[in-house]
Amino acid sequence: MTVKKIRLLLSLFLLFLLVGCYDKIELEQQSYAVALGVDQTDEKGVYRFTFQITNPEVGYSAGGGSADEPPNETVTTTGSDILTAMSTVNSFVSKRMTLDHTKVIVISEELARSGDFIQIIQSASRTTQIRRAVQIVVSKEKAADFLNNIKPKMEARTHKYFQYMITRAKQTGIIPDADIHRFFQITEGDADLFLAIYATNEKSEPKEDGNEDEFIAGEIPHEGGSETQFMGSAVFKEGKMIDVLDGQATRLSHVLDYTLDMDELLSTYPDPIKHEYRISADYIQKTAAEVKIDYQKNKKTKIDVTVPFQIEVLAIPSLVDYAQNIEYQEMLKQSIEEDLEKKADDLIKKTQEEYSSEPFYWSLFIRNEFKDVPAYEEADWNKKIYPNADITINFDLERLGFGKMLNDTNLSEVRD
Amino acid sequence: MKDYKTLTTRDMFALVTLLIGIKFADTTPALLAQKGQNGFWLIPIVSFIVVIPSFLLLIYLLKKYKDKNLVELLETILGTFSGKLLGLIIFLLAYSTLIFDSRNYVEQIKLLYYPQSPTLIIFGLFMLVAFFCAKRGFEVIGFTSWIGLPLIKFAVFLLALLVLREAVWNRIFPLFGSGLNIITMEGVKNSSIFMEFFLLTIAYTSFKDTKFFRRGSYLGSAFVVVEIVLFFLLYTIVFDYNSIGKIAFPFHEITQYINFGDYFTNIETFFMVFWLFGAFMRFIIFLYLITWIFGTVFNINEFEPLLLPFAFFTVMIGMLPENSIINEMVIRDVLLDVMTPLFVLFPFLLWFIALCKGDLKK
């Protein structure tokens, strides 16, 4: 045999490589848990884990899978941590479960308030499967019930539902950006408060009198659409949930926190001339809030926050001529600024007195006063500095716009 | 050994960059962040300042004694016996670094991408690839480095760009992390993260002209230190000080975190390819260099057949530590501390002896 033939023969061995290695797994053999729910049980250290497994064949126009298959399957089991629960689940789920595509982790409010959540999430982040971009959602009811009752009407593919639902709600600022990455930073940093997304399927007494964002999930009066509401945020202090903020407070936290951004904020403000009406406007923030901290040891810290913003008026239901009357404009300007300042002051007062820390990530601004971590930790932002600080918030309206209409029709002229 | 020499500045630049530059993507940041907290990005600066005089001095000596590589230089200055002894010590330390570093990389690959595969198989395959490529000889290694460099750096640059969105600049404060004295101490102790500079001098005479070696090493080392510091800084501003010490593989943590908009999520495998390429290049170069040092110490001119046994022993010894945490946090830490004084001081020793012998006046 010539060398050539031997080489040819040897190259056949390369085919063996094609069968793959130990970690080869077919797509068909895996099932993807898109959402993960965690609930408390009566026993300490044992939790109920719910996995919502997506059916990848649903929503394909190309056909393929049978039409009657449901878009997802939700299973619940008990266990002491996520990974062992995942293997228990395999006694009634046919494929190997992976968390690679998990979008949200839902915890019940009950569990969040008990403070055990941090242990669960820490043991979960030890594996490489859970990504740091997974969003943390706190559900008012049990996480298992929450996941079982999510019935999106249009977006049948569960993973897309969560992705779009959360992305959109985040853009409007009514829910915070609450990924695991941020949770760890804030919780381990031990200075600020972490805001998680608050959601529910349970309808509580609808709050009919609230303005557009003064709700928490479950309170929004609506007809049609999915019953699931994402609104407001759960406040976590040191890994333990302590309160719920409504959509408005969550939006304000976005405004005051320069690490979060939001795309649009449509909101209404009281009409300064006809008090029974409200003016709706688009709040635009081009630059982040400026936080100035004047820190001196053994003295009361002074925090000055300036928020530059712009307003694009969208609707003036009272038909008062703000667009062309300079005097009225001044009044409107002032009234909007005052309205925002008042809301922000209320929120800050609440955080200082009730939480003794803040969800705005302001501890970042005091860190340059210290030269190393031990000094910074000794000064103790959330016990000594923040609760006693003098805080002034100044909203500064830079520009007032009125859309593409110069003026509204005078109703008395139309109806004569 | 080689009759034709083709390598120039750019190849040297690529060699330095690949051999050392990948350190921001392994467990080095985790090791340093344990001690330096959010000031840990300053540590490589201190280390570099400590290492650079010794390195420049060594280059200066090599330039003076024309056409000698590292071990030959040692023998000329210290005499055959002491020269060889010092060469052997350098070889042993470098080889242990190779062994435990490669185990470390294998653990990363296993943990992050191939959890079911046995460590031994991954380790075996990894070193097999390194061996085959190293067997091609130094010219090919240098050339491959130069070709691969743009690809690897492009991926890294893209990653840095994508993660910048998550960066919060105020996190660099308090500036000195766990304290200025701790940063300085760790910087000095861990200077050996740059010890590959010294190993590369074994290849001093293998370039088209020795000035290419010098030029490439200056450029390469400047680039590498900037790159490492920038990436460490990036980890600091992305992870913050309490989290950074808890993350074993910050580079991979970042690749898992980012995505290209809503459509391209879970893109870490894209970066894994380039990272793996970089890791292979590092160990190809490393394996070749230490075999070369061994060959020169024992006057073995045809040292390339030794690559296989060295690769084999790397796997065998590398399998000994029980788990990656012991390997990383105990063995590697001690090794770095032990190596530092040797590598920082021996060029000064050489210079002093050469000065006394009057060789430098020529």
Looking at the stretch B:243-258, which of the residues that are without any contact (Cβ under 8 Å) to a residue 60 or more places away in the chain and of a type outside the set (Ser, Thr, Tyr) is nearest to the other protein chains (Cβ to nearest Cβ)?
B:256
Name the single residue, out of those in the stretch B:134-143 being out of contact with any Asp or Glu (no Cβ under 9 Å at 6 or more places or on another chain) and either surrounded by fewer than 20 Cβ atoms within 10 Å (Cβ to Cβ) or within 14 Å of chain A (Cβ to nearest Cβ) (or both), that is nearest to residue B:278 (Cα to Cα).
B:140
Within the stretch A:133-156, considering residues that are under 16 Å from residue A:176 (Cβ atoms) and of a type outside the set (Val, Ile, Thr), the one farthest from the other protein chains (Cβ to nearest Cβ)
A:139
Among B:232, B:286, the single one that is in contact with a Pro (Cβ under 8 Å, 6 or more places away or on another chain) and more than 30 Å from residue A:32 (Cβ to Cβ) is B:232
If I filter the stretch B:14-33 down to residues being part of a helix (DSSP H, G or I) and of a type in the set (Ser, Thr, Tyr), which single residue comes out as farthest from residue B:200 (Cα to Cα)?
B:28
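How many residues are in a helix (DSSP H, G or I) and under 16 Å from residue A:237 (Cβ atoms) when one looks only at the stretch A:361-383?
4
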If I filter the stretch B:260-283 for residues that are touching a Cys at 6+ places or on another chain (Cβ under 9 Å) and farther than 23 Å from residue B:44 by Cβ, do I get at least one hit?
yes
Need a quick list: helices (runs of 4 or more DSSP H) entirely within the stretch B:34-118 having at least 3 residues that are within 14 Å of chain A (Cβ to nearest Cβ) and out of contact with any Lys or Arg (no Cβ under 7 Å at 6 or more places or on another chain).
B:80-112
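Of the residues that sit in the stretch A:386-398 and are part of a helix (DSSP H, G or I) and within 27 Å of the chain's Cα centre (by Cα), which one is surrounded by the most Cβ atoms within 10 Å (Cβ to Cβ)?
A:386
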Filter the stretch A:114-135 for residues that are closer than 17 Å to residue B:114 by Cα and of a type in the set (S, T, N, Q); which is surrounded by the most Cβ atoms within 10 Å (Cβ to Cβ)?
A:129
Looking for whichever is touching a residue at least 24 places away in the same chain (Cβ under 8 Å) and out of contact with any Lys or Arg (no Cβ under 8 Å at 6 or more places or on another chain) here; the options are A:303, A:311, A:284, A:293. Which one fits?
A:284
How about the stretch B:147-188: which of its residues are surrounded by 20 or more Cβ atoms within 10 Å (Cβ to Cβ) and either more than 14 Å from chain A (Cβ to nearest Cβ) or polar (S, T, N, Q) (or both)?
B:149, B:152, B:156, B:159, B:178, B:187
If you go through the stretch A:332-379, how many residues are within 14 Å of chain B (Cβ to nearest Cβ) and more than 27 Å from the chain's Cα centre (by Cα)?
12
Given the structure, is residue B:201 more than 23 Å from residue B:97 (Cα to Cα) and either touching a residue at least 24 places away in the same chain (Cβ under 8 Å) or within 14 Å of chain A (Cβ to nearest Cβ) (or both)?
no
Filter the stretch B:168-210 down to the residues that are under 21 Å from residue B:225 (Cβ atoms), in a loop (DSSP other than H, G, I, E, B) and out of contact with any Lys or Arg (no Cβ under 8 Å at 6 or more places or on another chain) and list them by number.
B:177, B:190, B:195
Over the stretch A:310-363, the set of residues within 30 Å of residue A:402 (Cβ to Cβ), touching a helix residue (DSSP H, G or I) at 6+ places or on another chain (Cβ under 8 Å) and not aliphatic (A, V, I, L, M) is A:321, A:322, A:343
Need the failing condition index for residue A:306 against (1) surrounded by 21 or more Cβ atoms within 10 Å (Cβ to Cβ); (2) of a type in the set (Val, Ile, Thr); (3) in contact with a strand residue (DSSP E or B) (Cβ under 8 Å, 6 or more places away or on another chain); (4) modelled with pLDDT of 85 or more, just the number.
(1)
Is there any pair linking a residue in the stretch B:316-338 that is touching a residue at least 12 places away in the same chain (Cβ under 8 Å) and within 18 Å of residue B:247 (Cβ to Cβ) to one that is part of a helix (DSSP H, G or I) and small (Gly, Ala, Ser), with Cβ under 8 Å and at least six apart or on different chains, and which?
B:328/B:30
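The values are calculated or read from the model by the stated rules, or taken from the named source; none is laboratory data. Computed from a predicted structure; not experimentally measured. Glycine also receives a Cβ, built like all others from the backbone with ideal geometry; neighbour counts cover every protein chain displayed.
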